[in-house]
1. Can you name the number of the only condition in (1) in contact (Cβ under 8 Å) with a residue 60 or more places away in the chain; (2) among the basic types (Lys, Arg); (3) within 29 Å of residue 22 (Cα to Cα) that residue 46 fails?
2. Look at residue 52 and say whether it is closer than 27 Å to residue 29 by Cα and touching a strand residue (DSSP E or B) at 6+ places or on another chain (Cβ under 8 Å).
3. Out of region 8-48, which residues are exposed (fewer than 10 other Cβ atoms within 10 Å of the Cβ), over 30 Å from residue 74 (Cα atoms) and of a type in the set (Lys, Arg)?
4. Output the residue which, of all residues in region 85-97 that are assigned to a loop (DSSP other than H, G, I, E, B) and touching a Gly at 6+ places or on another chain (Cβ under 9 Å), is nearest to residue 25 (Cα to Cα).
5. Go through the residues of region 49-60 one by one and say whether even a single one is at pLDDT 85 or above and either exposed (fewer than 10 other Cβ atoms within 10 Å of the Cβ) or among the polar types (S, T, N, Q) (or both).
6. So, restricting to helices (runs of 4 or more DSSP H) that lie completely within region 1-84, which ones have at least 1 residues that are among the acidic types (Asp, Glu), under 30 Å from residue 95 (Cβ atoms) and touching a Ser or Thr at 6+ places or on another chain (Cβ under 9 Å)?
7. Please determine whether any residue of region 75-88 is touching a residue at least 60 places away in the same chain (Cβ under 8 Å), on the phi < 0 side of the Ramachandran plot and exposed (fewer than 12 other Cβ atoms within 10 Å of the Cβ).
Amino acid sequence: MMGDYGDSCMKIITVNFPEELLEDIDMKIMNKESPSRSEYVRWCVRRQLMLDVKYQEERKNLREKIYEKKGLVRVPIDEDIVDGALVRKYQTYKLVRRLE
């Protein structure tokens, strides 16, 4: 789980890279480590955001508020270590009735 971005509509942005960095990205593509420059850059950005603890905490708090407002609850179903970071997988359920 790299992030909850799968249902997002893609937007085009323009980014300038030094030639040497593009050569490194192209090597990743030639070595079949990524299908394209765009996908590799998306993967790098997602990975960095996952590592950004502050971002993750803010996103978690916002997600919880949105889910609560929609009557949803997320339950952790699995966890794994990816690139040294703990990654949890969740299942989302609609609350029918809250037990007190």
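The values are calculated or read from the model by the stated rules, or taken from the named source; none is laboratory data. Values in this document were obtained by computation on a predicted structure and should not be read as measured data. Note: ideal-geometry Cβ built from the backbone for every residue, glycine included; neighbour counts use all protein chains shown.
1. Status for residue 46: all satisfied but (1).
2. On the way: closer than 27 Å to residue 29 by Cα: yes; touching a strand residue (DSSP E or B) at 6+ places or on another chain (Cβ under 8 Å): no.
No.
3. Correct list: 32 only.
4. Taking region 85-97 as the starting set, the residues that turn out to be assigned to a loop (DSSP other than H, G, I, E, B) are 95-97.
When the remaining residues are screened for being touching a Gly at 6+ places or on another chain (Cβ under 9 Å), the result is 95-96.
Working: 95: 45, 96: 48 Å.
Here the residue is 95.
5. No, region 49-60 has no match at all.
6. Numbers: elements: 19-30, 37-51, 53-70.
Per the criteria, no element qualifies.
7. Start the filter on region 75-88 by keeping residues that are touching a residue at least 60 places away in the same chain (Cβ under 8 Å), which leaves 87-88.
With the extra rule that they be on the phi < 0 side of the Ramachandran plot, the set shrinks to 87-88.
Add one more test, that the residue is exposed (fewer than 12 other Cβ atoms within 10 Å of the Cβ), and what stays is 88.
So far as region 75-88 goes, yes, one or more of its residues are touching a residue at least 60 places away in the same chain (Cβ under 8 Å), on the phi < 0 side of the Ramachandran plot and exposed (fewer than 12 other Cβ atoms within 10 Å of the Cβ).
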